[in-house]
Every structure is written in C-alpha cells, then in structure tokens.
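Below is one structure; the comments refer to it alone.
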Amino acid sequence: MEEVYSYDRTSVWDTQKVSNDAQWEIIRSRSLEDTECIPQRFSERGKSGGNDDRPALKKLIIEIRSSYIKRKLYVWRYDRIFRETQKALEFVELCHKHNVEIISISEPLPEGSSSLALKTMFVQLLFINASMQRETIIENIRNGLAYKRSNGDYISSAIPFGYRLIEGKIIQNEQEAKAVKRLFELYASDDYGYKRLADKLTEEGYLFNDHPFKVHNIWNILDKSIYYGIVKGGTFGEYKGNFEPIISESEFKKAQAIRESRNVTKVNRREYPLRKKIICPYCGRRLSPTQRWNYSKTKRLHYYHCTKRECSGIYVSATKTENMLLKILKRFVNEDVIYQGIITEIDSQMKQLIKKEKQKDQKNAQSRREIVKQFEDGIITLDEMKDLLSSFDESQSKQTIPIENYRTKLDQLLELRKQSIQQLLLDHVEVVTVQKDKKIDGVFLQGLSENICIKK
C-alpha cells in the first residue's frame, strides 16, 4: 500500500479562513479518491508559516528523510508548509530528492509539470502572486483607514454603547446617550463608587443593552474618550471624530481626575506566565489574559481567553490552568516514567537517523561507482567524472542531519530536570494545548518537540 502524508496548518493571523479540520477533510477525501488510503496526518494549530520551530513539521521532515520510496504529501496550499518562498522551494527540493510528490489541493500543477525545474518555477510564481496580493490588500486597507481617519470617520468595528452604526456613520442612540450623560453627571456630583453608580442608574430606569448596569459596564464607559468625540485609532493615533459627542471634554477630564484620585485605575499586578502560550482548541489562536468580576461583583477572576471574533471562544481559569501545569511539570521533573518515555522517543529517532545514514552511505557509494563506471566505459571524460563526483559530494553534505542534534536534545533534557518548577513554567514552557473541556493535553518546552504531558 502506498504511503501517504498530509499536512495542515492554521495561524492566528491567517486570512485563509479554512480551519485545520476543514483542510483535513478535503485532503482525506482527495487521498481516498486518488490512492484509497487515509493519509498519516501532521497538523499544526496556531503556528505561523514563518516559524521553523513547528513540532508537526519537524516530524514530517524526519518522515520524508526516512526513505526514498515513492510517496505522496497532500496539502491545502503550498503556503501551509512555509510562507517564505525560499524555504518552500527548499522543501519542494527535499521532497523531490526523497521521491515524495507534493499535491496542493487548491493549486494543482499544470499538465506536464513533473520535473523539479517546472515545479520550482510554478511554486515561485504562486508565492510571488500571493505576496503581491497580500501587499495590495494590506496597502488598500491602510489607505482606506487613513482616508477614514482624515475624514474623522469611526474606524473600529466595535460600536460603543450610546451609538449605532447607520450607513457607515455612528449616530447617537437617544436612550443610551441619556444613560451615558447621566452616568458622568452622577459620578462628578457625588461620591459614587462603581457599584453604587450601577444601582443608581438601574433605579432610575436606565439599562445597558436591556440589562441592569454592572460594575464593569460603568468602568468601560468612564474609560472611553469617544464620548467627548476623540477616537483612539490604534496605529493611526487619536483623532477628532466627525460625530456628535455625548459629553464635553471638561466633563470627561473631570471624571478621569476623580478616578485617579480614588485610585480606581490601579494597574493589575497579577502575572500571567501563560500569556500567548495556550492554544485555543476551537480556532488555534493563542489565548490572552483577561479579568471578570465574580457574580457578586466583589472579586476579580482571572482567565486566559480567545479574542478572535469569529471563534466560539473559550475562557480558561488562569489559576486552575497554571496549577494543573505545575503538576505536569512536577511529574516531568520527579517521575522517571515521564522522563524515560521522552528519552526513549529521542533515542528511537536517533536510531532511525543512524539507520538512514547507513542506507544513504550505501546509496552514495553505489552512485559514486556508477559515475566511475561511466568514465571507465568511455561515456564521460576524466574532467567530467571529477566534476560529477565533486558536485555529488557537495550536494550530499548539505543533506546531512547531524546526529549531534539528538544528543543536544538529550543534554537539554538533562538540564531542564535541574530547573525549578517555577523556572520551567516561566522560562521554558513554549506551547500548551487544551481540549474543549479545558483540560491540558499537550505541553511543549523550548527546544523539544516531544509532548511532556504523557499519561502514565
């Protein structure tokens, strides 16, 4: 039965809008149609195509290098493997040398493009075109936003409470605008805390999106300069909007002075050691820290959550997840069964590499003999033989994967076990994957592609 592989990837900034599972289903169906085989899947979530340190890609490359038999690799697009043209071409060449045919589902090769030269040219053209398209899109977006800013238009997709977006313009919602204005009046007129202010507004019949005002609603409204007509335009900076403000600049600044005097805007000092390290199980985006009030609004709760608008979203308790991870790290350091499991995997990889190196040496020796025989048979000249042998030796030296890489892994592993649990958490944890039930199922340390979250 023919060996078949698949590789799928999404990144947090990916514009492709094709999820890992969607890519896999398309690839699986195509492979079954072509080969009647289900591919061996290599999948990457939340990994940029510009990042070489991708565990699944590394394993795929090892698999490709392991043999010279004819195989197939299915991808949704070539840029799922690498976004940089040069790296993509190097990968194409590697596959060609090891007799692996790359099949891009959405970018089929033209008829007769079986040679490496034609494949290389085709991939180059694809990447040049994609790069030009991306740059054009980015430039058009920038120009469009710059034009909107110059006109004072609101350039965010998030419309604040008190306004509505009507035909591309933000217009005051009468009832909500009254609530905002009353909020600032009350805050400036008396010693109102956020909880008391929320209760007062509710008592007077004002609602926030058809619900009683909450403490965090008060905080968000008091914090927004848009209510006196100033838009925070991100990279474009602040600018004056062309819409009607709800309050005056003096009213807003008075509220900020009161907030500062009461120290209600103090910085949250909590550390988030897993910031941008946990992968969302729904979309692959890396989770960001956030806070929420508890039900009684007396305590702040800390979470890691997905900020992607299109995602169904996930909130993971910061404290529970960090404690869960600490237990996993403790097991890794203290329990030999975990450590030995990873050692065994690395050792197996090293043995496979040694075997491949021996096979390669045998093949190389045969290739050199064939070149010499061509000279002996009078097919090539002495100078041609020397040139061929020199070129062959040079090309082979570039393909060598030092076995030292695996020995370095073992050394790294030994050093990591000497680290404190806290050091591992803060300095060495690179990626954490969680299931949809919020349980950790993957922990990857810097420099190691092996998952240390191994079940006993």
If you take the residues of the range 59-102 that are among the β-branched types (Val, Ile, Thr) and not in a helix (DSSP H, G or I), which of them is modelled with the lowest pLDDT?
Ile81
From the options Glu310, Glu322, residue that is assigned to a helix (DSSP H, G or I), modelled with pLDDT of 70 or more and acidic (Asp, Glu)
Glu322
Can you confirm whether the range 215-229 contains a residue that is more than 22 Å from Ser261 (Cβ to Cβ) and surrounded by fewer than 17 Cβ atoms within 10 Å (Cβ to Cβ)?
no
Any idea which residue in the range 30-39 is nearest to Val431 (Cα to Cα), counting only those that are surrounded by fewer than 15 Cβ atoms within 10 Å (Cβ to Cβ) and out of contact with any helix residue (DSSP H, G or I) (no Cβ under 7 Å at 6 or more places or on another chain)?
Leu32
Testing Ala56 on (1) out of contact with any Asp or Glu (no Cβ under 9 Å at 6 or more places or on another chain); (2) buried (at least 16 other Cβ atoms within 10 Å of the Cβ); (3) part of a helix (DSSP H, G or I), one condition comes back false. Which one is that?
(1)
If a residue has to be loosely packed, with under 13 Cβ neighbours inside 10 Å and not hydrophobic (A, V, I, L, M, F, W, C) to count, how many in the range 250-261 make the cut?
4
Just to verify a result, which residue in the range 156-189, among those that are farther than 15 Å from Ile226 by Cα, of a type in the set (A, V, I, L, M) and modelled with pLDDT under 90, is surrounded by the fewest Cβ atoms within 10 Å (Cβ to Cβ)?
Ile166
Positions within the range 183-218 being touching a helix residue (DSSP H, G or I) at 6+ places or on another chain (Cβ under 7 Å) and within 24 Å of Lys240 (Cβ to Cβ), in sequence order
Leu183, Phe184, Tyr187, Ala188
Unique residue being among the hydroxyl-bearing types (Ser, Thr, Tyr) and modelled with pLDDT of 85 or more when the list is Tyr192, Tyr239, Tyr228
Tyr228
What's the number of the condition Asp153 fails, among (1) in the same structural domain as Lys254 (by TED's automatic domain parsing); (2) of a type in the set (Asp, Glu); (3) surrounded by 13 or more Cβ atoms within 10 Å (Cβ to Cβ); (4) at pLDDT below 80?
(1)
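The values are calculated or read from the model by the stated rules, or taken from the named source; none is laboratory data. These numbers come from a predicted model, not from an experiment. No Cβ is skipped: glycine too gets one built from the backbone with ideal geometry, and neighbour counts run over all protein chains shown.
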